[in-house]
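Report on one structure; see the data block that follows.
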Amino acid sequence: MTPRVAVAGVHGHGASHVRNVARLAEAGRARLAAVADPRPAEHLPAGVRQYGGLEELLAAAEADVVIISTPIQTHVPLAELAMRAGADVLLEKPPTASLAEFEQLSALVDETGRACQVGFQAQASTATLKLAQMVADGRFGELRGISTIGKWVRKAQYFQRARWAGRRTLDGVAVVDGAVTNPLAHSTAAALLLDGSTGVDDVRSVETELFRANAIESDDTSTVRVVTGRGTKILVAVTLCATEHLEPEVIVHGSAGRAVLKYASDTLELPDGTVEKHGRADLLENLIAHRADPAVPLYCPLSATGGFTTVVEAVRAAADPAEIPAGLVRWEGEGLERHPIVHDVETWIDRASDELALFGELGAPWTVRPQREK
Ligand SMILES: NC(=O)c1ccc[n+]([C@@H]2O[C@H](COP(=O)([O-])OP(=O)(O)OC[C@H]3O[C@@H](n4cnc5c(N)ncnc54)[C@H](O)[C@@H]3O)[C@@H](O)[C@H]2O)c1
């Protein structure tokens, strides 16, 4: 039977999920059963009914798969509703805002026997998977570490689009919507995958240094260092306050050279200068194939986001991000276009990546005192 797919959260990123289901529907491989969102949606495919919430939708319509593309703090309750109604779930990243929630959701997956695919689409890229295999095969010699570089520009409109944006908690509930854990989450998740350290027990320690230039609760300019069970150092260096918006990079540092993954464009740059363009599988198609034949593995089952969630937990438990002194921040644009640029942030991010060092260890001018967590 053609799987009936419901989508919860249809504005923002959810609009791309609706388009993706419509694409599969045209090919006769899925049917858009209904959507749930408290905000009215225009431009839904003809005949598709909207409900104000997922509970209401599931009471009125049958769904085999539910896509959840809603604020982070709603992920676990909505996934529970969907799985208890017998649906498999495609849950947006980050799957949960804490390790406790991750354990709760993992227990629900076990109890209901439903599949839970997490929306880390870079995990389904052949660029990521090929590089992970090359690392496992020792193709870059001795592994010195893995780093991620994220230099993004996020404007006022990004933080003003929703109540949960840039929050660490909302109404007493964990959200953890910071640069490391949400907008640039794919970087950390991909680095963990390259090391073969995706499980919750694969992370030995996490050190966080969280800063912010925006008037938000969460971090927008941070370094995080993860040491994995196999002893690999993963250094995450990211900002939402860059001069220019660039594609994130995940860099493997080996004694035989560097390889760079640009996951947004499925590009791989190898130490000999070769640049390879890859493709990627679609996470919903993969979930549908897994439903039809459980021998087809999911690209990103919930269990493969445990290492990432250990990083989320360290960021959640860390002290509030330190404000970057005004003298180190330049503001550009007006109104919804306004955004901060942290002085020389690109140089410090590049150094953090090359030296696998935290901003504070390098003496970046905005650093105060590192917060060490695990
Ligand atoms: N995989 C990716 O590359 C990617 C990219 C962007 C966002 N995301 C993720 O997608 C999720 C949504 O992010 P966004 O930026 O689109 O958020 P958003 O706040 O812009 O949009 C969320 C939508 O969910 C709706 N919503 C809120 N509560 C709901 C509920 N209880 N039931 C149904 N709908 C509800 C809102 O009305 C809104 O339409 C987040 O987890 C985010 O991290 C993933």
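The values are calculated or read from the model by the stated rules, or taken from the named source; none is laboratory data. Everything numeric in this text was worked out from a predicted model, so none of it was measured. Note that each Cβ is placed from the backbone with ideal geometry, even for glycine, and that neighbours are counted across all protein chains shown. We work out accessible area using only protein heavy atoms, side chains counted, and drop any ligands, DNA or RNA first. Shrake-Rupley method; radii C 1.70, N 1.55, O 1.52, S 1.80 Å.
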Quick one: R39 ticks every box in (1) closer than 18 Å to D282 by Cα; (2) part of a loop (DSSP other than H, G, I, E, B) except a single one, so which number is it?
(1)
If you check G53, G119, G86, G113, which single one turns out to be open to solvent by 40 Å² or more (accessible area, probe 1.4 Å) and small (G, A, S)?
G113
Let me confirm something: among L57, L78, which residue is in contact with a helix residue (DSSP H, G or I) (Cβ under 7 Å, 6 or more places away or on another chain), within 12 Å of the ligand (Cβ to nearest atom) and aliphatic (A, V, I, L, M)?
L78
Given (1) surrounded by 19 or more Cβ atoms within 10 Å (Cβ to Cβ); (2) at negative phi, where does S265 come up short, assuming only one miss?
(1)
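Per-residue answers, yes or no, for (1) outside the structural domain of W331 (by TED's automatic domain parsing); (2) away from the ligand (no atom under 16 Å from the Cβ); (3) surrounded by 20 or more Cβ atoms within 10 Å (Cβ to Cβ); (4) not aromatic (F, W, Y):
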| residue | (1), (2), (3), (4) |
| --- | --- |
| Q133 | no, yes, no, yes |
| G138 | no, yes, no, yes |
| L170 | no, no, no, yes |
| T198 | no, yes, yes, yes |
Pairs under 6 Å by beta carbon, first residue under 21 Å from A162 (Cα atoms) in segment 34-57, partner open to solvent by 90 Å² or more (accessible area, probe 1.4 Å), six or more apart or different chains?
G52/P38
The strands (runs of 3 or more DSSP E) lying wholly within segment 256-374 that contain at least 3 residues that are farther than 30 Å from A87 by Cβ, modelled with pLDDT under 95 and touching a strand residue (DSSP E or B) at 6+ places or on another chain (Cβ under 7 Å) are 371-373
Reported set for segment 99-110 where residues are open to solvent by 70 Å² or more (accessible area, probe 1.4 Å) and among the acidic types (D, E) is E103, D110
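From the residues in segment 2-31 that are of a type in the set (A, V, I, L, M, F, W, C) and open to solvent by 20 Å² or more (accessible area, probe 1.4 Å), which one is farthest from the ligand (Cβ to nearest atom)?
Step one: filter segment 2-31 for residues of a type in the set (A, V, I, L, M, F, W, C), giving 5-8, 10, 15, 18, 21-22, 24-25, 27, 30.
If we keep only those that are open to solvent by 20 Å² or more (accessible area, probe 1.4 Å) as well, we get 15, 22, 25, 27.
On the way: A15: 8, A22: 17, A25: 20, A27: 22 Å.
If we take residues in segment 2-31 being of a type in the set (A, V, I, L, M, F, W, C) and open to solvent by 20 Å² or more (accessible area, probe 1.4 Å), then A27 is farthest from the ligand (Cβ to nearest atom).
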Is it the case that segment 138-155 has a residue that's touching a Leu at 6+ places or on another chain (Cβ under 9 Å) and assigned to a helix (DSSP H, G or I)?
no
Give me the helices (runs of 4 or more DSSP H) completely within segment 42-136, filtered to those with at least 2 residues that are more than 26 Å from V180 (Cα to Cα), ordered by residue number.
54-60, 75-84, 99-112
Determine whether segment 300-314 contains at least one residue that is under 21 Å from P248 (Cβ atoms), in contact with an Asp or Glu (Cβ under 9 Å, 6 or more places away or on another chain) and open to solvent by 30 Å² or more (accessible area, probe 1.4 Å).
no
What pairs come out if I take residues in segment 215-226 that are within 22 Å of L356 (Cβ to Cβ) and pair them with residues that are surrounded by fewer than 24 Cβ atoms within 10 Å (Cβ to Cβ) and of a type in the set (D, E, K, R) whose C-beta lies under 7 Å away, six or more apart or interchain?
V224/E207; R225/E207; R225/K233
Going by the conditions given, is S222 part of a loop (DSSP other than H, G, I, E, B) and either within 29 Å of H339 (Cβ to Cβ) or modelled with pLDDT under 95 (or both)?
no
